[in-house]
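The values are calculated or read from the model by the stated rules, or taken from the named source; none is laboratory data. This structure is a prediction, so every number in the text was calculated from the model and none was measured. So basically every Cβ, Gly included, is an ideal-geometry build from the backbone, and we count neighbours across all protein chains shown.
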Amino acid sequence: MFFTQETISFMKKEIRKKMLKLRNEMEQIVRDQKDKKITLKFIKFLRSKEIKSVLLYASYRSEVDTKKIFYFCQQHSIKTAFPKVVKRVKALELYWVNNLEQLSSGYKSILEPHSGTKASIEEIEVIVVPGIAFDINCYRIGYGGGFYDRLLLYKKGLAIGLAYEEQIIDQIPVEPFDKRVDLIITDERMITCV
């Protein structure tokens, strides 16, 4: 079935609205339990692949929490970068971070690096990608800025989405610029698309 650009944009907007509501209304105790399961699965993955470098996002509002993953990486000498939005070029710059105090409120109040050494996407083995919704084909809907889609064009490593099981839907309407992740880790399963 063919959809127009306007129809796809509308469908994505509706999915985004529904999923944000669902995620935001999740009880904190439930979210904490799910975060713990996702974190443990992700750490197990890092260990099994002997990963040495990771790009993390700083959790925003009701996103899957990445703090414990960061602490694990620091304790196990896994280099960790975080993205910083560069609005004028609509892109993400990456910086190595050794301490969460290197992050401060930035674009849309999301925590991002204010200091650190620049990192290159080619140096990163695992890119952790946030999302509002994911589908079983590993496509995602973010906040609509396209920052991660542009970043993933240059990836050498694996892109992994972290999501609550409730964020997984059958199919996301896809546009030509949409990039898939390679793997999705939820509190209930792992969805592989490589």
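General remarks:
- Hey, Lys52 over 26 Å from Leu100 (Cβ atoms) and either crowded, with 17+ Cβ neighbours inside 10 Å or over 17 Å from the mean Cα position of the chain (by Cα) (or both) or not: no
- Single residue of region 78-93 satisfying the filter (touching a Pro at 6+ places or on another chain (Cβ under 9 Å) and over 23 Å from Arg47 (Cβ atoms)) that is surrounded by the fewest Cβ atoms within 10 Å (Cβ to Cβ): Glu93
- Ile124 surrounded by 22 or more Cβ atoms within 10 Å (Cβ to Cβ), touching a residue at least 40 places away in the same chain (Cβ under 8 Å) and over 18 Å from Arg23 (Cβ atoms): yes
- So Ile78, is it in contact with a Lys or Arg (Cβ under 7 Å, 6 or more places away or on another chain) and over 22 Å from Arg140 (Cβ atoms): yes
- Scanning region 106-135 for residues that are under 18 Å from the mean Cα position of the chain (by Cα), part of a strand (DSSP E or B) and of a type in the set (S, T, N, Q) yields no hits at all.
- Considering region 36-49, and only residues there that are without any contact (Cβ under 8 Å) to a residue 60 or more places away in the chain and surrounded by 14 or more Cβ atoms within 10 Å (Cβ to Cβ), the residue that is farthest from Ile169 (Cα to Cα) turns out to be Ile43.
- Condition broken by Val64, with the remaining ones in (1) in a strand (DSSP E or B); (2) closer than 25 Å to Leu158 by Cβ satisfied: (1)
- Residue list for region 137-192, filter: assigned to a loop (DSSP other than H, G, I, E, B), loosely packed, with under 14 Cβ neighbours inside 10 Å and in contact with a strand residue (DSSP E or B) (Cβ under 7 Å, 6 or more places away or on another chain): Asp170, Gln171
- Picking from residues in region 64-77 that are among the hydrophobic types (A, V, I, L, M, F, W, C) and crowded, with 20+ Cβ neighbours inside 10 Å, the one that is farthest from Ile43 (Cα to Cα) is Val64.
- Qualifying residue in region 147-160 (condition: under 24 Å from Phe3 (Cβ atoms), β-branched (Val, Ile, Thr) and in contact (Cβ under 8 Å) with a residue 12 or more places away in the chain): no
Each row is one residue, and each column tells you yes or no for (1) basic (Lys, Arg); (2) more than 26 Å from Glu27 (Cα to Cα); (3) in contact with a Ser or Thr (Cβ under 9 Å, 6 or more places away or on another chain); (4) modelled with pLDDT of 95 or more.
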residue	(1), (2), (3), (4)
Ala58	no, no, yes, yes
Cys73	no, yes, yes, yes
Lys79	yes, yes, yes, yes
Lys90	yes, yes, no, no
Gln102	no, yes, yes, yes
Pro113	no, yes, yes, yes
Gly131	no, no, no, yes
Ile160	no, no, no, yes
